[in-house]
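Written below as structure tokens is the structure these notes are about.
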Amino acid sequence: EFPESSGSRASPNASLVITPMEGVQLYGQYVEGYRPPSLRESHWHYQGLLVNKPDLRPELSENKEVGLNILRNDVALANDTLRFKASYFDNTYDDYIIRYLKPRVPGQAGNVYHWANIDSAAYRGFELSGGYDARWFFVEGAFTKYTKIEYCPTATTCSAPKYGTVLSGSTSPTASDYASNYVPPEYSGSITVGIRAFDEKLTLGARTHFAGVRFGSEENGVEALRLVEA
């Protein structure tokens, strides 16, 4: 019923690590990725509401990261360890696949969706993580902050994800997609503290997680709340 589809691609990657002094590393890496459409995206046809699109193009990603690693021993106490990592990432996805609302045709009773490629999507931000371990007690922490998340139906029409759907009049490029379910929070992190007792046979600790709202949701938060209440 549907044409066969196949494809392949070499995905190069490269990394460079510089150690200016013992326990300190500067690094950078570049990774390309290739994600062909899934069978659900290319061939699933659901009761006339979601129609298939076999000619979807695969997503191509370019992931860049630069950062700093620090690992020190015997910092304040004998046999203790201190580690710290800071990184900045810039990930872009060409031909990003989303669920799109098809233009209506005369006589059409309801909305019909299909999967489609948009020009690109981008995720940028930084991550911090580290910990101190003195054997009898330890503390760890991690923090991720997104500085930019955007979706571009064309190369010149880009915007951040926003609350709202096509039915509510949203003009967001992801208004008819499931993107709202997996857009990460603007920031998130965790803190862990603990102790070790009885010659390290017993470990007690606690961990807390925190996160902000999904990236881009604050702008239309009031409208989103109104839609939920309705």
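The values are calculated or read from the model by the stated rules, or taken from the named source; none is laboratory data. What you see is a predicted model, and the numbers here were worked out from it, not measured in a lab. Every residue, glycine as well, gets a Cβ built from its backbone with ideal geometry; the counts of neighbours run over all protein chains shown. Surface accessibility is based on the protein's heavy atoms, side chains included, excluding ligands, DNA and RNA. Shrake-Rupley method; radii C 1.70, N 1.55, O 1.52, S 1.80 Å.
Restricting to strands (runs of 3 or more DSSP E) lying wholly in the stretch 113-162: which have 3 or more residues that are hydrophobic (A, V, I, L, M, F, W, C) and more than 30 Å from residue 45 (Cα to Cα)?
Numbers: elements: 113-133, 137-154, 157-159.
Because the criterion is at least 3 residues that are hydrophobic (A, V, I, L, M, F, W, C) and more than 30 Å from residue 45 (Cα to Cα), the strands (runs of 3 or more DSSP E) in the stretch 113-162 that meet it are 137-154.
Quick one: count up the residues across the stretch 66-94 that are within 14 Å of the chain's Cα centre (by Cα) and either among the acidic types (Asp, Glu) or under 16 Å from residue 15 (Cα atoms) (or both). Walk me through how you get there before you give the answer.
Filtering the stretch 66-94 for residues within 14 Å of the chain's Cα centre (by Cα) gives 88-93.
Filter once more, keeping what is either among the acidic types (Asp, Glu) or under 16 Å from residue 15 (Cα atoms) (or both): 88-91.
Matching residues across the stretch 66-94 total 4.
Just need a number here: residues in the stretch 97-126 that are under 20 Å from residue 38 (Cα atoms) and touching a Leu at 6+ places or on another chain (Cβ under 8 Å).
Matching residues across the stretch 97-126 total 8.
Would you confirm whether any residue within the stretch 140-147 is β-branched (Val, Ile, Thr), under 26 Å from residue 183 (Cβ atoms) and either out of contact with any Gly (no Cβ under 9 Å at 6 or more places or on another chain) or touching a residue at least 24 places away in the same chain (Cβ under 8 Å) (or both)?
yes
Hey, among the residues in the stretch 140-193 that are open to solvent by 70 Å² or more (accessible area, probe 1.4 Å) and under 20 Å from the mean Cα position of the chain (by Cα), which one's modelled with the lowest pLDDT?
163
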